[in-house]
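The values are calculated or read from the model by the stated rules, or taken from the named source; none is laboratory data. The model shown is predicted, which means the values in this text are computed figures rather than measured ones. Here the Cβ positions follow ideal geometry from the backbone for every residue, glycine too, while neighbour counts run over all protein chains shown.
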Amino acid sequence: MCAGRSHEPFGPSFEAGKPTAITTFLIVNPRSGDGAVEELVTAAAERGIRAHTLADGDDPSALARDAQADALAMAGGDGSLAAVAQVSLDRGLPFGCVPFGTRNHFARDIGLDRDDPVAALDALVDGVERRIDVGFANGRLFLNNVSLGVYAHLVHRREHHRRRSNAFARLRALATVAGNRDAPVLRLDGAPLDAHVVLVSNNAYELTVLSIGERERLDEGRLHVYAPTGLVRSGWEERVGERFTIDARAGRIRAAVDGEPELLETPIEFRIEPGALRVLLPRRPVG
């Protein structure tokens, strides 16, 4: 759901969560956000939250597994969250999200103010707990979606050029992808997919013409598969279910998992685990 709405975050099927008083271990990705790492860490310390800023060579999953805490949290963008969320799930601990990236789609969809990471810290010390669904692609957890095809190719090229931070390199990558006619031939549950872009999402997105919006809820318990349709790709074909298999001729294909580049072995087995993740949210709704 969008930040600022006053109704319950994940739809009416959830009962109000109970207030919690917990010890939280927060991992901060300094490569996300606008560089205000020190401000965030200081604000966390003022709330009694133990924070660790990632350094070169740090493994967020290992840090989360070894942490002595009642809850785990991650301050970063969409691509940073899944590893810590997976450990939270494995350990049966609540998970906190602090929006500290560029887009923060997950934070938006659970009802956080994406422009106020410090405010999100309050949920980690005096918040309410709600359960949301998580998706899996060959056992790899995703909170938002997995993209295949041309968009995934673009994400991989973007990562290749990331260190250069060069506008020309980004434009060249986009032009290369736009002219790419070698997108993988995909099959969904055995049937061919006539699409250069395929999106598998954890719960339903609002759709406009060739645009993915936000999610109203994260407790529907369904995966959605979207593929552009029509000669000018002006609409979306949609499939809904709890499990899907997407295959390709290649033994593995490029994917973007919550916006991060991955290589996934084929066939890719997608499934959803309803209500699996315990998420901490502010006691008072945003707005």
Of the residues 263, 210, 223, 193, which is closer than 16 Å to residue 138 by Cα and modelled with pLDDT under 95?
263
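Those residues that are in a loop (DSSP other than H, G, I, E, B) and within 19 Å of residue 202 (Cβ to Cβ), I need them from region 105-117; list them, please. Break it down into steps so the answer makes sense when it comes.
Our first condition is that a residue be in a loop (DSSP other than H, G, I, E, B); within region 105-117, this holds for 110-116.
Of everything in region 105-117, those that are in a loop (DSSP other than H, G, I, E, B) and within 19 Å of residue 202 (Cβ to Cβ) turn out to be 110, 111, 112, 114.
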